[in-house]
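Chemist: Provided herewith is a single structure, encoded as structure tokens, for subsequent inquiry.
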């Protein structure tokens, strides 16, 4: 059990107890020395008086005083009889023995004041130790109140080892976690507000179009052929909204970490080939050619389904912004440190000032010829790629090329 505060307090108690023990030992020694001095003085006076009257008994008197007399018991009993004649008994109060009484009284006073001093020191040590602990607890309580009020600048430091230091460290960790959580909540709130605003803006146009077409179809005099055309236009607008909503839901799930990616080592070349098969019709309609420069197998840890979703958006973007009959180049470079995938088209390109924004949601380049785009595909592709701990960057030159580079780190 490692409780530094308790160990410190026990050490203080041990020191105080040791000091009190030493004090008691010294006090008892002084008492005995003083009693011995006074006894020598009293018996010396008696011996001197007796020796003065009977010099021949001096040696015998010294034998009695030093307990060397052979018949001391007989004389001890006679001495008691003499004392009784003067009213001196063993059970008399010590007050009737002035010399002894003074010694005992002084000794008892020393013991009493020693106990008082020891008690005061013990009380002081306990008070200071408790005050220190409760002051730190009050500091933690005050800091907790400030954190509840939104003030994360509070600092609790505890340089000594022990449970209070552990509590302070846990408190700092809790403060950082709460601050991070509150910051994440604020960012999510801002993001949600921006997303709702963007969704509202993106859905406003197709919904308005559908509403107008529905009003026109309510006109009974409208020819059947025109009604069919309006219904087809409505179907296009509904498809656009469906794609928008689906992509937004995917991005929201990725941002909220609500998707568990099934990452495993798989051949990235096969993943790209399957995406190209899904885009066969689109490639054919635009009369595009694919410049395919990749090895037969490149193993990368990824979720095949979601990576196909990201690459599908990148390739669709390349096709849609290329001239009919153009070319798209796909390259894969594999090294011991990373795998690099390059998708490059030679179409309309992107202005330099617009490059930092092309992965923003709902962003559309000012010179884009694709008017029905909602600007969500590249944002989704970036979210999926970064969820694989990979990197994506874009290079472009207006009316020359656009190159997307995806880098998968192997460590």
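Readers should treat all values here as calculations from the given coordinates under stated rules, not as data from a laboratory. Since the structure is predicted, the reported quantities are computational estimates derived from the model, not experimental observations. Glycine also receives a Cβ, built like all others from the backbone with ideal geometry; neighbour counts cover every protein chain displayed.
Chemist: Could you check the simple spin-label distance between residue 216 and residue 77, using points 7 Å along Cα→Cβ, in nm with one decimal?
Modeler: 14.7 nm
Chemist: Evaluate E = 1/(1 + (r/R0)^6) for residue 410 and residue 128, where r is the Cβ-Cβ distance and R0 equals 56 Å; express this FRET efficiency to the nearest 0.05.
Modeler: 0.40
Chemist: Between segment 251-279 and segment 210-247, how far is it from one alpha carbon centroid to the other, in angstrom?
Modeler: Here the answer is 34 Å between Cα centres.
Chemist: Report the label-to-label distance for residue 57 and residue 189 in nanometres (one decimal), using points 7 Å from each Cα along the Cα→Cβ vector.
Modeler: About 10.9 nm separates the two model spin labels.
Chemist: Just order 119-129, 388-398 by mean Cβ neighbour count inside 10 Å, highest at the front, would you?
Modeler: Values: 119-129: 12.9, 388-398: 15.7.
Going from most to least packed, we get 388-398, 119-129.
Chemist: Give me the tail of P(r) for segment 201-273 as a percent: Cα-Cα pairs with distance above 21 Å. Please list the in-between numbers first.
Modeler: Values: 1417 of 2628 pairs.
Result: 54 percent of Cα pairs exceed 21 Å.
Chemist: Rounded to the nearest 0.05, what FRET efficiency do residue 340 and residue 182 give with R0 = 41 Å and r taken as the Cβ-Cβ distance? Could you check? Please report the intermediate quantities before stating the final value.
Modeler: On the way: r = 39 Å, r/R0 = 0.94.
Step by step, r from the Cβ atoms, then E = 0.60.
Chemist: For segment 264-409, count the residues as N, evaluate 2.2 N^0.38 Å, and divide the Cα radius of gyration by that value, please. If you can, show how the numbers build up before the last one.
Modeler: On the way: Rg = 14.5 Å, N = 146, 2.2 N^0.38 = 14.6 Å.
With N residues counted in segment 264-409, Rg over 2.2 N^0.38 Å equals 0.99.
Chemist: How high is the relative contact order of segment 264-409, in percent, counting Cα pairs under 8 Å that sit 6 or more residues apart? Spell out each step's value before the answer.
Modeler: Working: 277 pairs, mean separation 35.5, N = 146.
Relative contact order comes out at 24 percent.
Chemist: Need the full-extension length gain, residue 141 to residue 121, defined as separation in residues times 0.36 nm minus the C-alpha distance. One decimal, nm.
Modeler: Numbers: separation 20, 0.36 × 20 = 7.20 nm, distance 2.98 nm.
Extra length from residue 141 to residue 121 when fully extended: 4.2 nm.
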